[in-house]
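The block underneath contains the structure these notes are about, expressed in structure tokens.
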Amino acid sequence: MIEHIPELINAGVDSLKIEGRAKTYYYTAVTTNAYRHAVDEYCANPSEDYTLSPWIREELEKISHRAYSTGFFFGNEPGQETKNGGYIRHYNAVAVCEESSADNVCVITQRNKFLVGDTLDILPPDGYSYNVKCLSLRNEDGEEVPSAPHPMQRLYMTTDRPVVKGSVIRKKNLS
């Protein structure tokens, strides 16, 4: 329904519930962030020819999800996808930034494997996502490591741009 924010607001909806039960904090954060920006964007310039900014829709493609639909909001069928009940996953959350410094070194807690040299997508606690390149990784003993293969491992990551504390770090799936 994110592409139908004007219809929702014009129908008198003044509150949205993001389904988060049995979902990860990551799913809930990405979805809430996308809808917050979509509502704010429309309310800042409500017009009949409003079009959702592409980056907002792209955010929803970065979480694991089933096929999107309008449900039964518009009263026509099919209101939901029933042919494929599987999940679509274009990105994986690979780490969370626990601390950051001015020299582009951050302390991360790893969630899924990634490698030095990978381009990573950063979702900061507030604002827009952006890409960084992982230039190096060091373990807690200060040793250089080529990858982050151990879940929940704390690492020091150097990047080509700052990563804000609290950011979720994602990697695009190659397949």
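The values are calculated or read from the model by the stated rules, or taken from the named source; none is laboratory data. If you're wondering where the values come from, they're calculated on a predicted model, not measured in any experiment. Please note: Cβ atoms are built from the backbone with ideal geometry, for glycine as well, and neighbour counts cover all protein chains shown.
A few remarks follow.
- Scanning the stretch 150-175 for residues that are among the aliphatic types (A, V, I, L, M) and within 14 Å of V132 (Cβ to Cβ) turns up M157, V163, V164, V168, I169.
- All positions within the stretch 29-67 that are among the small types (G, A, S), free of Cβ contacts under 8 Å to residues at least 24 places away in the same chain and within 22 Å of P124 (Cβ to Cβ): A44, S53
- So N112, is it touching a Pro at 6+ places or on another chain (Cβ under 7 Å) and not assigned by TED's automatic domain parsing to the domain that holds V30: no
- Filter pass, Y156 being modelled with pLDDT under 95 and either surrounded by 12 or more Cβ atoms within 10 Å (Cβ to Cβ) or hydrophobic (A, V, I, L, M, F, W, C) (or both): no
- Among the residues of the stretch 126-138, the one identified as in contact with a Lys or Arg (Cβ under 8 Å, 6 or more places away or on another chain) and either assigned to a loop (DSSP other than H, G, I, E, B) or assigned by TED's automatic domain parsing to the domain that holds I56 (or both) is S129.
- Flag for R154 being touching a residue at least 12 places away in the same chain (Cβ under 8 Å), closer than 25 Å to E58 by Cα and not assigned by TED's automatic domain parsing to the domain that holds A29: no
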